[in-house]
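Sharing a structure below in structure tokens format, with a few things to ask.
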Amino acid sequence: MKAVIPAAGFGTRFLPATKSQPKEMLPVFDKPTIQYVVEEAVASGIDDILIVTGRGKRSIEDHFDRSMELEATLKNADKCDRLKIVQDITGLADICYVRQREQNGLGDAIACAEKHIGSEPFAVLLGDSITKGPTPCTKQLIDVYNKYQKSAISLEAVPQDKIERYGIIKGSSVENNIYKIDKLVEKPPADKAPSNLAIMGRYVLTPDIFDKIRETEAGVGGEIQLTDALQKLDAIYGVAFEGKTYDIGNRLEWLKTSIEFAMASEDGDELRQYLKTFID
């Protein structure tokens, strides 16, 4: 199975930090966000990845490409541990790139991948979210697709005050943590939402989604919304992800995620002591 990572957005909520660098390249502790996403795809058994980029996203390509000068410098300085880190990034997967010519929504971004994907099911991992769990989120979706032979999307229960940030589903439980979806609503007001189960940025889609995107008119924000195209599929399943999704789409959540990941690292104790100086 191939994977598509949409990473063409401007990242306006992070300005001025994203004026000249992609939001997907903002570091979460010690790695850029998009590297975590690629690593999830690889951990799910995928080694053929298409990243949908846009103008000003060249640093994403550079990050996953070789840097001969850097490798030579590290080798000459006998910094073997750092050299391995750099070389491992390059060898993660076969990564290709295509540009979304204009900002026209997530549905349009995924449509850019049609020639690369062909007529096979494929995974979609949003480039500005990170997941963590005992089994990679995308692998859980692949398992559900293999069982039902239908598209599957990741779900997570969200608090009432955050419902309007997400696409929300209406569905019925078919087994533990798996739902047959009847309806999807893009960013509804909390009092009109059919549930608190939100679509969380991971999908395994059947290739007929490309036809559905072509049939979809502009929706919320005047853009081609993937949620609207998903509703046209004959069947779709939702998986309440066993783990946690980190939405890196705004500054505060990005900062919280960086702190949480740092606290779980070998530097955690030192950071904890430092933070206490502010809390106390």
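Could you tell me the distance between the Cα centroids of region 8-53 and region 238-280, to the nearest Å?
Measuring centre to centre over Cα atoms gives 17 Å.
Same structure again: Ranked highest first by the average count of other Cβ atoms within 10 Å around their residues, in what order do 80-89, 222-231 fall?
Working: 80-89: 12.9, 222-231: 21.1.
So the peptides 80-89, 222-231, ranked by packing, come out 222-231, 80-89.
Additional query: What do you get for trypsin sites (Lys or Arg not before Pro) in region 167-222 restricted to DSSP loop and a cutoff of at most 10 other Cβ within 10 Å of the site's Cβ?
Taking region 167-222 and a limit of 10 other Cβ atoms within 10 Å, no loop trypsin sites (Lys or Arg not before Pro) are found.
Given axes a ≥ b ≥ c from the Cα gyration tensor, I'd like to know whether region 58-115 is rounded (a/c under 1.5), prolate (a/b larger than b/c) or oblate. Before the final figure, lay out each step's value.
Working: a/c = 4.21, a/b = 3.19, b/c = 1.32.
Taking the square roots of the gyration eigenvalues as a ≥ b ≥ c, region 58-115 is prolate.
So, one more: Kindly provide the helix-only [θ] at 222 nm of the chain, computed as the sum of -39,500 (n - 2.57) over DSSP H runs of four or more divided by all residues, to the nearest 500 deg cm²/dmol?
Details: 11 runs with 96 residues, N = 280.
So the helix-based figure for the chain works out to -9500 deg cm²/dmol.
Continuing with this model, one more query. Just to verify a number: FRET efficiency for A240 and T73, C-beta to C-beta distance, R0 = 30 Å, to 0.05? Don't skip to the answer; put the middle values down first.
Details: r = 47 Å, r/R0 = 1.56.
Efficiency at R0 = 30 Å is approximately 0.05.
Could you please report the charge total around F122, scoring K, R as +1 and D, E as -1 over all other residues with beta-carbon less than 15 angstrom from its beta-carbon?
Working: positive: K2, K115, K139, K150, R202, K212; negative: E40, D47, D48, D94, E114, E120, D208, D211.
Around F122, the charge tally is -2.
Shifting gears a bit: Can you say what percent of the DSSP beta bridges in region 130-272, counting only those with both residues inside, are antiparallel? Round to 5.
Numbers: 20 of 25 bridges.
If we restrict to bridges inside region 130-272, about 80 percent are antiparallel.
Here is the link list: K162/K192; K147/K180; K132/K187; K23/K180. Which ones come out longer than 22 Å on Cα distance?
Working: K162/K192 13 Å; K147/K180 13 Å; K132/K187 24 Å; K23/K180 33 Å.
From K162/K192; K147/K180; K132/K187; K23/K180, over 22 Å: K132/K187; K23/K180.
A follow-up question, please. Would you mind telling me the antiparallel percentage of the DSSP bridges in region 18-159, rounded to 5?
On the way: 2 of 8 bridges.
Roughly 25 percent of the DSSP beta bridges within region 18-159 come out antiparallel.
Restricting to the chain, compute how many DSSP beta bridges are antiparallel as a %, nearest 5.
Numbers: 27 of 45 bridges.
So the antiparallel bridges in the chain amount to around 60 percent.
Let me ask something additional. Could you compute the net charge surrounding I46? Neighbours are other residues with a C-beta less than 13 Å from the C-beta of I46; K and R count +1, D and E count -1. Walk me through the numbers before you get to the answer.
Details: positive: K2, K139, R202; negative: E39, E40, D47, D48, D94, E120.
Value of the local net charge: -3.
For the chain, give the magnitude of the charge dipole about the Cα centre (Cβ charges: +1 Lys/Arg, -1 Asp/Glu; no others), in debye to the nearest 20.
440
Could you please rank L155, L74, placing first whichever residue has the fewest other Cβ atoms within 10 Å of its Cβ? Before the final figure, lay out the partial values.
Values: L155 28, L74 19.
Arranged by neighbour count, lowest to highest, L155, L74 become L74, L155.
Compute the separation of the alpha-carbon centres of region 88-130 and region 166-188 and state it in Å as a whole number.
A separation of 24 Å, based on Cα centres.
May I pose another question? Can you tally the net charge around A190? Count Lys and Arg as +1, Asp and Glu as -1, for every other residue whose Cβ sits under 11 Å from the Cβ of A190. List each step's numbers first, then the result.
Values: positive: K162, R165, K187, K192; negative: D161, E164, D191.
Net charge around A190: +1.
By count of other Cβ within 10 Å, fewest leading, how are T277, T206 ordered? Mind showing how you got there, number by number?
Details: T277 7, T206 20.
With the sparsest Cβ surroundings first, the list reads T277, T206.
The numbers here are math on the coordinates, done by the rules we state, and not lab data. The shown structure was predicted, so the numbers you read here are calculated from the model rather than taken from an experiment. All Cβ positions, glycine included, derive from the backbone under ideal geometry; neighbour counts span all protein chains shown.
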